[in-house]
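Everything below concerns the one structure shown next.
The values are calculated or read from the model by the stated rules, or taken from the named source; none is laboratory data. All values derive from a computational prediction rather than experimental measurement. Cβ placement follows ideal geometry from the backbone for every residue including glycine, while neighbour counts extend to all protein chains displayed.
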Amino acid sequence: MKKVVIVGTGLGALTTALRLVRRGYKVEMVEKYHQAGGRLNQLKKDGFTFDLGPTFFSMTYEFDEFVEDTGLPEMPFTFRELDVLYAVNFRGEDKRYMIHRDLDRLAKEFEAVEPGFKEKMEKFLAGAGRFFHDTEHLVLKRNYDSLFEYLLTLMRVPLRHSPKLLRSVWNEMERHFESREVKEIFSLVAFFLGATPFNTPAIYTILSYTELVHDGYHNVEGGMYKIVEGLKRELDKAGAVFHFNTEITGYRFEDKQLTALIDQHGKEWEADLFVVNADAAWFRHKIFRRKKFSEQKMDKLKWTLAPFTMYLGLDTKLDDTPLHNYFLGNNFKEYSGKIFRNDIKLDQPYYYVNVVSKSDPESAPEGCESVFVLCPVPDLRYKPDWSDREEVAANILEDISERIGVDLKKHVISKTIMTPVEWRDAFNLYKGSGLGLGHDLDQIGGFRPKNYDEEFGNVFYVGASTVPGTGLPMAVISSKLVVERITKKYGSVYA
């Protein structure tokens, strides 16, 4: 039986581990953090429970494929489809836009600012849908052995889609809609990728198609961490072994094969092959110290925005605040253009609020509310000093309070802040970048760090900064792709 050591226990690692266990591999997992999940993690404090990172997702059918591939008798967690996807609030405006999947209900939200909205949106979504279905299996869900192979694959994409390669998400919005509100709201998909609509290729308008038409948005009964708990439970039953508080700091190799990874205590973790779920670029930089991934070269890559997050326990209910909320300002273009490089003050930031206990009442004591706040901020290349963390947090709290008409400062009985520094240190995120490498055209597909190592023939990668990219369904696809590589090289079952 071949032994695999997997570094990290994020969603990509857990799904890879189960796929490999079902193919006869012995799996051992090492994790720096104190519990499994990576960024798909959980915080429990003062009687409140929070999802640490992702709070909803799309493309649930990737999990269906995973369950079928691994032979699980059923999904080890329960999805819950969202009817109202999210609400959007603009600073200084009373109107709150509720984003429904139902196009008729959605059109009513925008009838005052975008005449003919439904017809315009149907045309926009039809174009995004055609691109999605023409590229999902051809480009997205496959391995590439060379950049040349990737470029040849792109040549097979129908020519009618080529303009999307030249436009940004914002350019695409301007082609279809007139009102500022509609363009800003439906270009928020770029922020889901840790970028802005002005520097994200228009091909990612496919996210609007997946959220409104193809699969919608879902969360999980009992919180998103139930995904991790369910997968870990299956791995425990299958005999996989977990080791937490274990950070890889070095390695040993022989004849272009990695023989062992070494942790912070000097212990050697030997295996026949290794799968790295730590950031694919960061691991090559920090552990393998590859010249191609030197700090100078890493800093020149395009990284996603960093997370500034707050986890608030309130001793009151927020009856008029929906489950998922985006709070935007009135300077969208300026803010988007300046936030990456820390060229704008964070006194009136843009942010997302998830009232966790709206979906899962058990996450807060009776009469209380669990609230998660995410504010995308510059990474540590551009803002290394977070000594103003309390000031930034106070600005956000004050802004939320003004917007929803509840003075939150009087009701906070539990507060945890994570700046890009804490995110970097907890999960080895390069310069605190929240979602790894960005999705510019020169950093996707065959341009992305490969899911197999350039020097060691028995090392593979899975997760956000390798193929196909960031997001929960992408991590599940990533696990499928890396297991295809492993079984192609080593076979399925070793006794």
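Data for the structure
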read-out: Residue count for region 52-77, restricted to those that are exposed (fewer than 13 other Cβ atoms within 10 Å of the Cβ), in a loop (DSSP other than H, G, I, E, B) and under 20 Å from the mean Cα position of the chain (by Cα); value: 0
read-out: Answer residue from region 78-95, given it is at negative phi and part of a loop (DSSP other than H, G, I, E, B) and is surrounded by the most Cβ atoms within 10 Å (Cβ to Cβ) among those; value: Leu82
read-out: Residue in region 308-322 that is farther than 19 Å from Glu398 by Cα and assigned to a loop (DSSP other than H, G, I, E, B) present; value: no
read-out: Residue that is outside the structural domain of Ala17 (by TED's automatic domain parsing), touching a residue at least 40 places away in the same chain (Cβ under 8 Å), closer than 26 Å to Glu184 by Cα and surrounded by fewer than 16 Cβ atoms within 10 Å (Cβ to Cβ), where the choices are Asp343, Asp320, Asp315; value: Asp320
read-out: Leu188 being within 17 Å of Ile206 (Cβ to Cβ), buried (at least 18 other Cβ atoms within 10 Å of the Cβ) and under 21 Å from the mean Cα position of the chain (by Cα); value: yes
read-out: Selection count where residues are more than 22 Å from Ile444 (Cβ to Cβ) and either more than 28 Å from the chain's Cα centre (by Cα) or assigned by TED's automatic domain parsing to the domain that holds Ile444 (or both), scope region 124-156; value: 0
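Yes/no matrix, rows are residues, columns are (1) within 29 Å of Lys45 (Cα to Cα); (2) of a type in the set (D, E, K, R):
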{"site": "Ile248", "(1), (2)": "yes, no"}
{"site": "Glu270", "(1), (2)": "no, yes"}
{"site": "Phe274", "(1), (2)": "no, no"}
{"site": "Ile287", "(1), (2)": "no, no"}
{"site": "Leu305", "(1), (2)": "yes, no"}
{"site": "Gly313", "(1), (2)": "yes, no"}
